[in-house]
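Derivation of every value follows stated rules applied to the coordinates shown; laboratory data play no part. Since we're looking at a predicted model, the values are computed, not measured. We place every Cβ from the backbone using ideal geometry, glycine too, and count neighbours over all the protein chains shown.
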Amino acid sequence: MGGAFARTVVALLALAWSGAAVAAAPEPWQLGMQDAASPLKAAVTDLHDLLLVVITGVCVVVLALLLFVVWRFRAGANPRPTRTTHNTVLEIVWTAVPVLILVIIAFPSFKLIYYEDRTPEADVTVKAIGRQWYWSYAYPDHGNFSFDAFMLSREEAEDAGEPALLATNEDVVVPAGATVRMLITASDVLHSWAVPAFGVKRDAIPGRLNETWFRVDEPGMYYGQCSELCGVGHGFMPIAVRVVPQAEFDAWVEQAQARYGTEDDTSVAQR
Ligand SMILES: [Cu+2]
């Protein structure tokens, strides 16, 4: 127990020193969802909260009815059992009420599906390609440079002050406050590009281009993982998104273009 606490303190200190603010990652013994970092996640959380109220209400009512029936129709108080088999009013009520509940749930649910589906006017497009077992990324509207992101080993992550199993050698870098269109596909088997704090989880399917979007205002590191069983390395292809101010993003793009080459640069082999 004491050892775990000490390790946590050391990890937190390491984070503070590294200066890379972890904005969103899972925490030990976490209950509930990660804080919303994007408008999409805020909408997801709202629907979740509404459903929790509905579910709780249904459970309480059903439990109360059950307890009432057990008490009211117990053998001791009913030496001669009732022979009732049908009750029209009751049957209409127990059909209509669940239908009504489903309709109440359906409206916000469909609204959310379409909100997630339609990318608003995008400022940046990033393409993610799932591979066994890492992610490749391309920036089609910035010269289409591309790179691979592999998971850091536990030691490398510790040295970098980043969480183990979530940190990658190359981060997905996007500007803060920009609407990012994510194009998601795969080259071998099904994967899924998911970042909980963004409310994003889209299947990566070979031969198909899926799309979603996010906008994050707060700079920092946001972590996610492949969320579709894709083989033995499934747990080891994390997603690390670094949200930076626009100027920092522009500088990173210039650097990345020089490092990975653009599509006009014939000296670099294209994927
Ligand atoms: Cu995968």
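For segment 181-193, 3J(HN,Hα) computed residue by residue from phi via the Karplus equation (6.51, -1.76, 1.60; θ = phi - 60°) reads 8, 9, 9, 10, 8, 9, 10, 10, 10, 5, 10, 8, 8 Hz, glycine and proline entered as x. Note on the chain: with a GNM built from Cα contacts shorter than 10 Å, the maximum mean-square fluctuation among ARG208, ARG80, ARG72 falls on ARG80. Mean residue ellipticity, 222 nm, helices only, the chain: the sum of -39500 (n - 2.57) across DSSP H runs of n ≥ 4, divided by residue count and rounded to 500, is -13000 deg cm²/dmol.
Magnitude of the Cβ-charge dipole of the chain, K/R +1 and D/E -1, about the Cα centre, nearest 20 debye? All intermediate terms of the calculation are to be shown ahead of the outcome.
Values: 19 positive and 30 negative charges, 397 e Å.
The dipole magnitude comes to about 1900 debye.
With a ≥ b ≥ c taken as the square roots of the eigenvalues of the C-alpha gyration tensor of segment 59-201, please select rounded if a/c is under 1.5 and otherwise prolate if a/b is larger than b/c or oblate if it is not? Because a/c hits 1.5 or more and a/b exceeds b/c, segment 59-201 counts as prolate. Just the number, please: percent antiparallel of the DSSP beta bridges in the chain, rounded to the nearest 5. Of all bridge pairs located within the chain, approximately 70 percent are antiparallel. Considering only LEU51, LEU229, LEU67, the mean-square fluctuation computed in a Gaussian network model of the chain, springs between alpha carbons under 10 angstrom, is largest for LEU67.
Is the shape of segment 39-117 rounded, prolate or oblate, going by the alpha carbon gyration tensor and its root eigenvalues a ≥ b ≥ c, with a/c under 1.5 for rounded and a/b larger than b/c for prolate? Cα axes put segment 39-117 in the oblate bin. Between TYR222, TYR134, TYR114, the Gaussian network model of the chain with springs among Cα atoms under 10 angstrom shows the greatest mean-square fluctuation at TYR114. The local environment of ILE184, defined by Cβ-Cβ distances under 12 Å, has a net charge of +2 under the rule Lys, Arg +1 and Asp, Glu -1. Percent of C-alpha pairs per 10 Å bin in segment 124-260, short distances first: 13, 45, 36, 5. Look at the alpha carbon pairs under 8 Å that are at least 6 residues apart: their mean separation over the length of the chain gives a relative contact order of 22 percent. With Cα atoms as the point set, the chain shows a radius of gyration and Dmax of 25.1, 93 Å.
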